[in-house]
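To start, the structure under review is shown below, and the notes come after it.
The values are calculated or read from the model by the stated rules, or taken from the named source; none is laboratory data. Quantities reported herein were computed from a predicted structural model and do not represent experimental measurements. With ideal geometry, Cβ positions are generated from the backbone for all residues, glycine too; neighbour counts draw on all protein chains shown.
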Amino acid sequence: MSNLVWLASYPKSGNTWLRAFIVNLIARPESPATLDQITAFFQSEANPKFYQRFLTKPVSEASFEELIALRPKVQQDIMSSQAQGSIMLKSHNQLTVFDGTPLHNLDATAAAIYVLRNPLDVVLSVADHFNLSIDQAIDFISDPNTGTATDEQGVAGFLGSWSQHVESWTRANSPQFLTLRYEDMLDKPLPTFTKVAKLFGIQASRQELLQAVDFASFKRLLENENKNGFAEKSSHAKRFFRDGRKNQWIEKLTEEQIRRVVSAHREQMAKHNYLPPKFR
């Protein structure tokens, strides 16, 4: 049965924002859904509790290779626990096969939404989230071997470079694989989020869509985090949600840093209309 729905992105690219919209659209609450409700609705495929069932030692002691190899078992276990309906899972992994192990069960996949964001802005959010300098963040998103370590929020995963990650998820030629740009979510929220509703087969009026967009706005999410905290915030960052603006790189990156990002990711940046004018 194909009932897995993936919500995927490179870290700090709008994944949580999109999850907030979907929850507010489906649940149609009278007030914005809480962050706890959002995370409960879209569980992470990297949730340590899913992996602990297959280990005789603490998840924190499992190697990167062990955790990667467990992906098929974990995903099968998740599907077995919910025989009917769609299972919505968040993923930051690259859509690839790692050391012979597929990181996502495509045979059981009904749909996927991939959110991408200008890497020039991604490096700023990655630096803040992972407690890196901007130059270290540029190295992070440009390294084909980049992975994430196990922590209280999730088990180790494989990202690769930003370009590899984007290419892996956007090359699928399927109407059930939807790609969204973070910047379009900001600039053209109604037509962009309408695509999400159509993918899920959700009948919603213009007013219902606009309310879900409003309830999932950065202002609302930041207010929610300030009031209740957010479990997905890293221990390094002051908060999970920043101001959400696009093109912050113009103010914060040096010419050399811009050049490094473009040099490493030119092909995918050009494909998705992210190249700065002087580099076109």
Residues being among the hydrophobic types (A, V, I, L, M, F, W, C) and either loosely packed, with under 15 Cβ neighbours inside 10 Å or not in a helix (DSSP H, G or I) (or both) - total across segment 178-208: 6
Out of Leu25, Leu55, sole residue that is of a type in the set (A, V, I, L, M) and either assigned to a helix (DSSP H, G or I) or at positive phi (or both): Leu25
Unique residue being in a loop (DSSP other than H, G, I, E, B), out of contact with any strand residue (DSSP E or B) (no Cβ under 9 Å at 6 or more places or on another chain) and touching a residue at least 24 places away in the same chain (Cβ under 8 Å) when the list is Pro32, Pro11: Pro32
Condition met for Leu95 (of a type in the set (A, V, I, L, M, F, W, C) and part of a helix (DSSP H, G or I)): no
Hits in segment 198-224 (condition: at pLDDT below 90 and among the basic types (Lys, Arg)): Lys219, Arg220
Test: residue in segment 14-21 that is part of a loop (DSSP other than H, G, I, E, B), surrounded by 14 or more Cβ atoms within 10 Å (Cβ to Cβ) and on the phi > 0 side of the Ramachandran plot: yes
